[in-house]
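Student: Mind having a look at this structure? Questions to follow.
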Amino acid sequence: MTGFGAGRGEAGGEALTVELRAVNGKFCEVKPRLPRELASLEPELVKAIKARISRGMIDVFVRRDAAGARGLTPKTDLPLAAAYAKALRELKDELGLAGEPSVHDIAAMEGVLTLGEAAADAEKLAAALRAALHDALDALDQMRRREGEALAADLAARLSNIEAQARQVQQLAPLQIEAARDRLTARIAELTRGIPLDPSRLAQEVALIADRTDVAEELTRLASHLAQARGLIGSDAPAGRKLEFLVQEVNREINTIGSKSQHAGIAQLVVDLKAELERVREQVQNVE
């Protein structure tokens, strides 16, 4: 399911902001983008997200707030400064100049003094990240739950449509036996041209047709799969992969019903069942 969540965490003067953006996906794939000083915390961040989310592609954006950062501090390259001092003294002696190189002279040399980021406190950054991530996950979860409620309502309505169509198939199923008997009787009468036919032989042929066109088992399994799907939709546990499997099984039963049936009405219902099931399949891709 899709969603967005943001959170902010502070610890010991460090402040971090975390944004989560989730889109549909068959598996859980986390794509973190962290400042380099937080790179060591990436495994912990990914693990925490996967503990809360089982499916989807989640983009994670982590920012270290300017107010929480320590800013730039001057850094001295002492070996380079010593080399400059030695070189200046050698130059003085070689040219016979007076005086000694001063601190200002050496500090003005290239590379002796530089500005760099202050070392970050790893423990404080980790604490701030955990707090921000917790809030972001809570916000993302709320948004995904609202979407999940809408998906559950839509899927429940579509399952009801499939159940209603399956009941129509069940009502029409006995009629195809009578229709098959009438067709067979008419065909035999046409071929035998009035020669009497053994009624037991006709009954035997009709029984064979009835056995080949019986869809009672398929309808029973179909009802069971639909009931399981309803149970998954109503639960709080991740159900996307199980629902995908059940959709495959429902499709299998519908196909078998279509191949067995010899009734025009049932054939039309099978087409309608497949169309509605395809809509269910599309929606199930959005379910965690």
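Laboratory data are not the source of any read-out in this text; all were calculated from the coordinates shown. Since this is a predicted model, take the numbers as computed values, not measurements. Here the Cβ positions follow ideal geometry from the backbone for every residue, glycine too, while neighbour counts run over all protein chains shown.
Student: Given labels modelled 7 Å from the Cα in the Cβ direction, how far is it in nm from residue 82 to residue 282?
Tutor: 7.4 nm
Student: What is the projected area of the convex hull of the Cα atoms of segment 72-117, averaged over all directions, in nm²? Don't skip to the answer; put the middle values down first.
Tutor: Details: hull surface 12.7 nm².
Its average projected convex-hull area is 3.2 nm².
Student: Related question: Grab the alpha carbons of segment 80-156, take their convex hull, and tell me the volume per residue in Å³. Mind dumping the intermediate values first?
Tutor: Details: hull volume 11.3 nm³, N = 77.
In segment 80-156, the Cα hull volume divided by residue count equals 147 Å³.
Student: Could you compute Rg(Cα) / (2.2 N^0.38 Å) for segment 216-275, with N its residue count?
Tutor: Working: Rg = 12.9 Å, N = 60, 2.2 N^0.38 = 10.4 Å.
Rounded to two decimals, the normalised Rg is 1.24.
Student: For Cα pairs less than 8 Å apart in space and 6+ apart in sequence, what is the mean separation divided by the residue count of segment 72-117, i.e. the relative contact order in percent?
Tutor: Values: 38 pairs, mean separation 30.2, N = 46.
66 percent.
Student: Additional query: For 134, 225, 104, 263, what's the fewest-to-most ordering of other Cβ within 10 Å of each Cβ?
Tutor: Working: 134 15, 225 21, 104 7, 263 18.
Ascending number of Cβ neighbours within 10 Å: 104, 134, 263, 225.
Student: OK, next. Per 0.36 nm of contour for each residue apart, how much would the distance between residue 168 and residue 65 grow if the chain were fully extended, relative to their Cα-Cα spacing?
Tutor: Details: separation 103, 0.36 × 103 = 37.08 nm, distance 6.28 nm.
Extra length from residue 168 to residue 65 when fully extended: 30.8 nm.
Student: Turning to a different aspect of this structure: Suppose R0 equals 22 Å; then what is the FRET efficiency for residue 24 and residue 249 from their Cβ-Cβ distance, rounded to the nearest 0.05?
Tutor: Working: r = 22 Å, r/R0 = 1.01.
After rounding to 0.05, the efficiency reads 0.50.
Student: For 140, 151, what ranking results if the residue with the fewest other Cβ atoms within 10 Å of its Cβ goes first?
Tutor: Values: 140 26, 151 18.
Ranking 140, 151 by Cβ neighbours within 10 Å, fewest first, gives 151, 140.
Student: May I pose another question? Excluding residue 126 itself, what net charge comes from residues whose Cβ is under 12 Å from its Cβ, given Lys and Arg +1 and Asp and Glu -1? Walk me through the intermediate numbers first.
Tutor: Numbers: positive: 124, 130; negative: 14, 37, 42, 44, 121, 123.
Taking every Cβ under 12 Å from that of residue 126, the sum is -4.
Student: Exceeding 28 Å between C-alpha atoms, which entries from my cross-link table qualify? They are 26/124; 31/274; 50/274; 50/242. Mind dumping the intermediate values first?
Tutor: Values: 26/124 35 Å; 31/274 37 Å; 50/274 35 Å; 50/242 19 Å.
From the list (26/124; 31/274; 50/274; 50/242), the Cα-Cα distance tops 28 Å for 26/124; 31/274; 50/274.
Student: Full extension from residue 214 to residue 39: what is 0.36 nm times the residue separation minus their Cα-Cα distance, to one decimal in nm?
Tutor: Difference between extended and current length: 56.7 nm.
Student: For an R0 of 41 angstrom, estimate the FRET efficiency from the Cβ-Cβ distance between residue 228 and residue 8 and round to the nearest 0.05. Walk me through the numbers on the way to the answer.
Tutor: Details: r = 42 Å, r/R0 = 1.03.
Efficiency, rounded to the nearest 0.05: 0.45.
Student: Tell me, in nm to one decimal, what length is gained between residue 134 and residue 264 on full extension, where the rule is 0.36 nm per residue of separation less the Cα-Cα distance? Each step should come with its number before you reach the end.
Tutor: Numbers: separation 130, 0.36 × 130 = 46.80 nm, distance 5.74 nm.
In short, 41.1 nm is gained.
Student: Using Cβ counts within 10 Å as a stand-in for footprinting exposure, how do 278, 94 rank, fewest first?
Tutor: 94, 278
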